[in-house]
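The values are calculated or read from the model by the stated rules, or taken from the named source; none is laboratory data. From a predicted model like this one, the values you see are computed outputs, not experimental measurements. For neighbour counting, all protein chains shown are included, and Cβ atoms are generated from backbone atoms with ideal geometry for every residue, glycine included.
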Amino acid sequence: MLEGRPVDHVPFMPITMMFAADMIGVKYGKYAFDHDLLVEGQLRTAEEFGIDFVSCISDPGREAADCGAVLELFEDQPPALGATRSLLADKADLAKLGLPDPLGGARMYDRVLAAAALDERVGEELLVEGWVEGPCAEGADLRGLDRLMIDFFDDEDFVRDLFEFALEMALRFARAQVEAGADLIGVGDAAASLVGPRVYREFVWPYEKRLLEGLHDMGAKARLHICGNITSLLADIGKLGFDIVDLDSMVDPALAREAMGPGQVLLGNLDPVRTVRNGTPASIVRALEECHAKAGARYIVGGGCEIPRDTAHDNLRAMGEYARTHP
């Protein structure tokens with residue numbers, strides 16, 4: 001599908017993180033910090049539900065942690081970046097911040113090891129997805145979300161310097177994952193959904209574009225994942241050229257198709273809670289039929305974001321069955 005060739009059925013690519021940890025009976029705090037557990041969770045989940053890829057995604061704190069940011073740790077939830085203790089609360093600290101080595105033995109390296117292990121185990125059968133934070137998301141991780149939103153208006157030069165740093169770090173991290181065996185790199189840039197079209201075009205779009213070009217130069221496919229309502233950004237996102245664009249549940253797939261054109265592969269966009277977690281197999285199939293009809297031919301089955309951990313297994317099976325029975 002990504003190459004524009006005919007397919008026997010639409011792919012099935014739901015994001016599973018806490019769901020995958022629960023599949024192997026481990027606390028998420030361990031899953032996110034131990035690539036061996038992540039690999040086992042991804043393999044078990046893909047096999048059980050007929051998923052067409054495995055992913056190294058776990059949380060957005062890997063790059064920031066390797067830069068020196070403090071993570072709040074939880075036994076059975078993802079680690080969090082505390083806004084009150086942002087690494088770059090003082091903007092002057094950016095000039096002193098060095099780029100971390102993705103192979104340096106810390107959290108970024110753990111993801112690289114996951115990509116290598118997944119490629120070795122199932123690389124001939126399933127798509128192996130690595131993951132990096134996009135420029136806006138990483139900027140928010142390092143600076144603090146509220147501060148970054150003010151910086152767009154108060155200190156444009158700092159924002160550009162910050163995004164240059166984030167871009168270079170993402171490219172280094174992505175290259176390490178691609179060399180380890182990742183076929184596809186997911187780019188999580190959730191904070192970008194909080195800016196309007198002018199700020200997006202001026203500050204975010206150019207860095208996402210350069211990141212995409214770098215990924216393609218490495219020989220990797222690229223997937224853009226921006227949680228939230230990106231309706232006002234759809235036309236600009238469509239001009240980037242990502243191989244896959246994820247749609248969150250509040251985005252109308254018909255509007256996305258109209259804005260991005262017939263060639264863009266769209267993934268999504270079932271509401272993870274109301275439709276996937278709280279629905280039934282029958283209601284999920286109806287929702288997928290509607291979504292697929294709006295998105296058109298170049299479509300991948302998935303949720304608007306992560307599949308909730310307590311989703312009924314039959315509900316996820318219904319999504320997979322729909323994918324396998326629809327061209």
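At a glance:
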read-out	value
Filtered residues of the stretch 44-80 (kept if under 18 Å from the mean Cα position of the chain (by Cα), under 30 Å from Ala312 (Cα atoms) and either of a type in the set (A, V, I, L, M, F, W, C) or in a helix (DSSP H, G or I) (or both))	Thr45, Ala46, Ile51, Phe53, Val54, Cys56, Ile57, Arg62, Ala80
Failed condition for Gly130, given (1) small (Gly, Ala, Ser); (2) in contact with a Pro (Cβ under 8 Å, 6 or more places away or on another chain); (3) not in a helix (DSSP H, G or I)	(2)
Residue match in the stretch 219-231 (condition: exposed (fewer than 15 other Cβ atoms within 10 Å of the Cβ), of a type in the set (A, V, I, L, M) and more than 19 Å from Pro102 (Cβ to Cβ))	no
Residue check for Asp236: within 30 Å of Arg172 (Cβ to Cβ), without any contact (Cβ under 8 Å) to a residue 60 or more places away in the chain, surrounded by fewer than 23 Cβ atoms within 10 Å (Cβ to Cβ) and in contact with a Cys (Cβ under 7 Å, 6 or more places away or on another chain)	no
Whichever residue in the stretch 278-311 is over 18 Å from Ile244 (Cβ atoms) and in contact with a Lys or Arg (Cβ under 8 Å, 6 or more places away or on another chain) and, among such residues, is surrounded by the most Cβ atoms within 10 Å (Cβ to Cβ)	Thr311
Subset of the stretch 279-305 (residues that are closer than 24 Å to Leu234 by Cα and of a type in the set (Lys, Arg))	Lys294, Arg298
Matching residues, the stretch 44-70, being among the hydrophobic types (A, V, I, L, M, F, W, C) and either surrounded by fewer than 18 Cβ atoms within 10 Å (Cβ to Cβ) or over 20 Å from Arg223 (Cβ atoms) (or both)	Ala64, Ala65, Cys67, Ala69, Val70
Inter-residue pairs, beta-carbon under 7 Å, first among the aliphatic types (A, V, I, L, M) and at pLDDT 95 or above and in the stretch 303-327, second part of a loop (DSSP other than H, G, I, E, B) and surrounded by fewer than 16 Cβ atoms within 10 Å (Cβ to Cβ), 6+ apart	Ala323/His9
Residues that are without any contact (Cβ under 8 Å) to a residue 60 or more places away in the chain, under 18 Å from Trp131 (Cα atoms) and touching a helix residue (DSSP H, G or I) at 6+ places or on another chain (Cβ under 9 Å), drawn from the stretch 204-216	Arg210, Gly214, Leu215
Enumeration of residues in the stretch 253-278 that are in contact (Cβ under 8 Å) with a residue 40 or more places away in the chain, within 19 Å of the chain's Cα centre (by Cα) and within 17 Å of Ser232 (Cβ to Cβ)	Pro253
Residue match in the stretch 86-108 (condition: in contact with a strand residue (DSSP E or B) (Cβ under 6 Å, 6 or more places away or on another chain), buried (at least 20 other Cβ atoms within 10 Å of the Cβ) and not β-branched (Val, Ile, Thr))	no
Every residue from the stretch 86-127 that is more than 22 Å from the chain's Cα centre (by Cα), among the aliphatic types (A, V, I, L, M) and assigned to a helix (DSSP H, G or I)	Ala92, Leu94, Ala95
